[in-house]
Amino acid sequence: MRIGHGYDIHRFEDTPSQQHITLGGVKIPYERGLLAHSDGDVVIHAICDALLGACALGDIGKHFPDTSPEYRGCDSRELLRNVLQKVQSLGFKVGNVDVTIIAQAPKLMHYTIAMQENLSMDLHISLNDINIKATTHEGLDAVGNKLGIAVHAVALLVKKNAYSN
Ligand code: MG
């Protein structure tokens, strides 16, 4: 078994044309967007880093540089599926993933199930193996002042032939 941790944070920006953010592949209405080279899916970026970390493969910036036009505005779910291929090529599959989203706004409780559904599909795991938690920062620091959203993720990988399931 291998374990990995991922962390990411993105700041909000005023985006008159884009009245939503994307978390876990789910579009969530909000008055501002998240500043990013990609679609700003900070949940998926943290999961990618957890998976890459478990494989000792560096981080998301190494594999998908934000200086590359190829990844401008890209769908982060494509990056996640790409990372899963790297995991599988090393003989692992995802055991389970646990995620904590820290956001003062918007409220996320109605969107976490949809995120879990997207992520279970992309990671080839059951809904029981992906958990999304959302908490506020109690008004403290930058995240608490609604300047951005931060995410922690932990991923466990198991060798494909380690268990029968
Ligand atoms: Mg990021």
Got at least one residue in region 107-115 being within 15 Å of Ile149 (Cβ to Cβ), touching a residue at least 60 places away in the same chain (Cβ under 8 Å), buried (at least 22 other Cβ atoms within 10 Å of the Cβ) and more than 13 Å from the ligand (Cβ to nearest atom)?
-> yes
Here the residues within region 131-153 that are open to solvent by 10 Å² or more (accessible area, probe 1.4 Å) and either assigned to a strand (DSSP E or B) or of a type in the set (Asp, Glu) (or both) are Asn131, Ile132, Lys133, Ala134, Thr135, Glu138, Asp141, His152
What number of residues within region 22-57 satisfy the criterion of being more than 16 Å from the chain's Cα centre (by Cα), open to solvent by 30 Å² or more (accessible area, probe 1.4 Å) and more than 25 Å from His110 (Cα to Cα)?
-> 2
What pairs come up if the first residue lies in region 117-134 and is basic (Lys, Arg), the second is open to solvent by 20 Å² or more (accessible area, probe 1.4 Å), and their beta carbons are under 7 Å apart, counting only those six or more places apart or on different chains?
-> Lys133/Thr100
Does region 61-85 hold any residues that are open to solvent by less than 30 Å² (accessible area, probe 1.4 Å) and in contact (Cβ under 8 Å) with a residue 12 or more places away in the chain, and which are they?
-> Phe64, Cys74, Ser76, Leu79, Leu80, Val83, Leu84
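The values are calculated or read from the model by the stated rules, or taken from the named source; none is laboratory data. Quick caveat, the model's predicted, so the values are computed rather than measured. Virtual Cβ from ideal backbone geometry, glycine too; neighbours counted across all protein chains shown. All accessible areas refer to the heavy atoms of the entire protein, side chains included, with ligands and DNA or RNA removed. Shrake-Rupley method; radii C 1.70, N 1.55, O 1.52, S 1.80 Å.
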